[in-house]
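**Q** Supplied in structure tokens, the structure appears directly below.
The values are calculated or read from the model by the stated rules, or taken from the named source; none is laboratory data. Because the structure is predicted, anything quoted here is derived from the model rather than measured. Heads up, the Cβs are rebuilt from the backbone with ideal geometry, glycines too, and the neighbour counts pull from every protein chain shown. The accessibility values were calculated without ligands, DNA or RNA, using every heavy atom of the protein model including side chains. Shrake-Rupley method; radii C 1.70, N 1.55, O 1.52, S 1.80 Å.
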Amino acid sequence: MKQSRRIDPLLSRAQDQEDAVARVLAQRQSSLDEHEARLAELRRYADEYAHSQLAATSPAQLANRRAFLERLQSAVEQQSRTVDQSRQTVELERGRLLLASRDKQVLEQLAASYRAQERQVDERRSQRELDDLGARRARLAAAEAQDA
């Protein structure tokens, strides 16, 4: 079996690995997008609530409003941490995809190199056969010329 054919299973595996990592990256990116959308929504809601002109008629209502704003701010901070973690995960997956892609490229280059070497060997063999055939014909023609 030729070297270029022996590397095909490795190339196939490298392609499968790259595809799997790309799917994981797409999932992580989708998750990050969802977390960012939730964070933007929470921030918008917290901002609207903080700037609304609700009439607080008693100290208890003021305390409730302040407590709710604090809970909203806490939720915003938690969601912000979640977004940061999600971003780190996406960057990690991007790195993994880059490595998988490089691995596949190395194997593709190796296979191309093997194919080029095999092509050169085949071309040399064909040329030798043609040269041998030409030399035989020349000998036959010379032998026939001597006999005639």
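**Q** From the list 52, 74, pick out the single residue that is at pLDDT 95 or above, among the hydroxyl-bearing types (Ser, Thr, Tyr), more than 16 Å from the chain's Cα centre (by Cα) and surrounded by fewer than 12 Cβ atoms within 10 Å (Cβ to Cβ). Break it down into steps so the answer makes sense when it comes.
**A** Details: 52 fails: at pLDDT 95 or above.
Result: 74 is the single residue among 52, 74 that is at pLDDT 95 or above, among the hydroxyl-bearing types (Ser, Thr, Tyr), more than 16 Å from the chain's Cα centre (by Cα) and surrounded by fewer than 12 Cβ atoms within 10 Å (Cβ to Cβ).
**Q** Taking interchain pairs and intrachain pairs at least six residues apart, which have beta carbon atoms under 8 angstrom, with the first residue in the stretch 126-148 and touching a residue at least 60 places away in the same chain (Cβ under 8 Å) and the second assigned to a helix (DSSP H, G or I) and open to solvent by 90 Å² or more (accessible area, probe 1.4 Å)?
**A** none
**Q** One residue is enough: does the stretch 38-46 have a residue meeting the conditions modelled with pLDDT under 95 and either among the small types (Gly, Ala, Ser) or over 12 Å from the mean Cα position of the chain (by Cα) (or both)?
**A** Quick first cut of the stretch 38-46, residues modelled with pLDDT under 95 only: 45-46.
Filter once more, so that each one left must be either among the small types (Gly, Ala, Ser) or over 12 Å from the mean Cα position of the chain (by Cα) (or both): 45-46.
Checking the stretch 38-46: at least one residue is modelled with pLDDT under 95 and either among the small types (Gly, Ala, Ser) or over 12 Å from the mean Cα position of the chain (by Cα) (or both).
**Q** Are any residues in the stretch 80-117 more than 12 Å from the chain's Cα centre (by Cα), closer than 18 Å to residue 12 by Cβ, in contact (Cβ under 8 Å) with a residue 60 or more places away in the chain and open to solvent by less than 70 Å² (accessible area, probe 1.4 Å), and if so, which ones?
**A** 107, 110, 111, 114
To keep it simple, each residue is scored yes or no on (1) over 30 Å from residue 122 (Cβ atoms); (2) open to solvent by less than 60 Å² (accessible area, probe 1.4 Å); (3) in contact (Cβ under 8 Å) with a residue 12 or more places away in the chain.
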residue	(1), (2), (3)
1	no, no, no
9	no, no, no
17	yes, no, yes
59	yes, no, no
70	yes, no, no
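**Q** Can I ask one more? From the list 23, 44, pick out the single residue that is closer than 30 Å to residue 112 by Cα and free of Cβ contacts under 8 Å to residues at least 12 places away in the same chain.
**A** On the way: 44 fails: closer than 30 Å to residue 112 by Cα.
Of 23, 44, the one residue that is closer than 30 Å to residue 112 by Cα and free of Cβ contacts under 8 Å to residues at least 12 places away in the same chain is 23.
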